[in-house]
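The values are calculated or read from the model by the stated rules, or taken from the named source; none is laboratory data. Model, not experiment: these values are computed from the prediction. Cβ atoms come from the backbone with ideal geometry, glycine included; neighbour counts cover every protein chain shown.
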Amino acid sequence: MYAFNFERAADAKAAVARLKADPDAKFLAGGQSLLAAMKLRLASPSTLVDVARIPGMAEIRVDGKEIVIGAAARHADVAENAEVRQRIPALAALAGGIGDRQVRAMGTIGGALANDDPAACYPAAVLGLGATVVTDRRSIAADDFFKGLYETALEPDELITAVRFPIPDQAAYVKFHNPASRFALVGVMVARFGSTVRVAVTGAADSVFRCQPLEQALSANFSAQAARGVKVDAGQLNTDLHASAEYRAHLIPVLAARAVEAAGKG
């Protein structure tokens, strides 16, 4: 590690103002990705601006037909929240399966989304459920938020303050995880809203994406059999030391089918 400044922001406005004044400063939420990158000297911010203790930023509440989760809400908070467990149990289960207890006790939903790791779970929830990412200056639809490898629509000094999740009729998330990191080799979120089905896939490509063939098949017939009958093109998927693109393409409909089955039991 190297020398850097540490500041605790009193509110979102102050946090953003600090980054506007110093382009080399970074927001610090749970620090599960940023601090690891700093230890490896892959990141060298001049100042860390702590946003995890901003009043109200960790609040979880129901607002009409949506669950609103503050950006500083930790994974364990989401997993254990009674309103989330009742209204979107798939989201609670996803949060409860992230990393290990230490990661879940420290990592935040806002930090996970801003980092946009290609194998992270929360991006699949946000995209699959058609959520809205709320920042200090605007609201960004999930379909417009994720741009590529560790890339989002956020400006360098833009702070996520909350995420608004619409409550689906049925939803489930299933992942085939790396046994060491618990990151997804492939993770699939399936969500049904009436006759419309959204399917988001993480861990298989450079960024989370919606799987149109599965969405079309499941919108016509919301069944595990329909999901298993879909063939996914491996052309845009990743091959690495953990799995080939072809294996990931095979896993996507298999996990989608399991998610449909799990959604039916919820």
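A few points about this structure:
- Hits in segment 109-133 (condition: closer than 20 Å to Phe193 by Cβ and β-branched (Val, Ile, Thr)): Val126, Thr132, Val133
- Top-ranked residue of segment 46-60 - restricted to ones that are within 18 Å of the chain's Cα centre (by Cα) and assigned to a loop (DSSP other than H, G, I, E, B), ranked as surrounded by the fewest Cβ atoms within 10 Å (Cβ to Cβ): Glu59
- Applying the condition of being part of a helix (DSSP H, G or I) and of a type in the set (Gly, Ala, Ser) to segment 66-94 and asking which residue is surrounded by the fewest Cβ atoms within 10 Å (Cβ to Cβ) yields Ala82.
- Within segment 222-264, the set of residues being of a type in the set (D, E, K, R) and closer than 15 Å to Val199 by Cβ comprises Arg228, Lys231, Asp233, Arg248, Arg258, Glu261.
- Taking the criterion of being under 24 Å from Ile167 (Cα atoms), buried (at least 19 other Cβ atoms within 10 Å of the Cβ) and over 12 Å from the mean Cα position of the chain (by Cα), the residues of segment 193-212 that qualify are Val197, Arg198, Val199, Cys211.
- Some residue of segment 95-108 being surrounded by fewer than 22 Cβ atoms within 10 Å (Cβ to Cβ), touching a residue at least 40 places away in the same chain (Cβ under 8 Å) and under 24 Å from Val197 (Cα atoms): yes
- Among the residues making up segment 222-266, those that are of a type in the set (S, T, N, Q) and surrounded by 13 or more Cβ atoms within 10 Å (Cβ to Cβ) are Ser223, Asn238, Ser244.
- Qualifying positions in segment 126-181 - among the hydrophobic types (A, V, I, L, M, F, W, C), part of a loop (DSSP other than H, G, I, E, B), surrounded by 13 or more Cβ atoms within 10 Å (Cβ to Cβ) and free of Cβ contacts under 8 Å to residues at least 60 places away in the same chain: Ala131, Ala153, Leu154
- Between Pro156, Pro179, the distinction of being under 27 Å from Gly56 (Cβ atoms) and out of contact with any strand residue (DSSP E or B) (no Cβ under 9 Å at 6 or more places or on another chain) belongs to Pro156 only.
- For segment 219-266, filtering for residues that are charged (D, E, K, R), out of contact with any helix residue (DSSP H, G or I) (no Cβ under 7 Å at 6 or more places or on another chain) and part of a helix (DSSP H, G or I) leaves 4.
- Every residue from segment 8-44 that is among the hydrophobic types (A, V, I, L, M, F, W, C), surrounded by 12 or more Cβ atoms within 10 Å (Cβ to Cβ) and outside any loop (DSSP other than H, G, I, E, B): Ala12, Ala14, Ala15, Val16, Ala17, Leu19, Phe27, Leu28, Leu34, Leu35, Ala37, Met38
- Asp63 being modelled with pLDDT of 95 or more, loosely packed, with under 13 Cβ neighbours inside 10 Å and not aliphatic (A, V, I, L, M): yes
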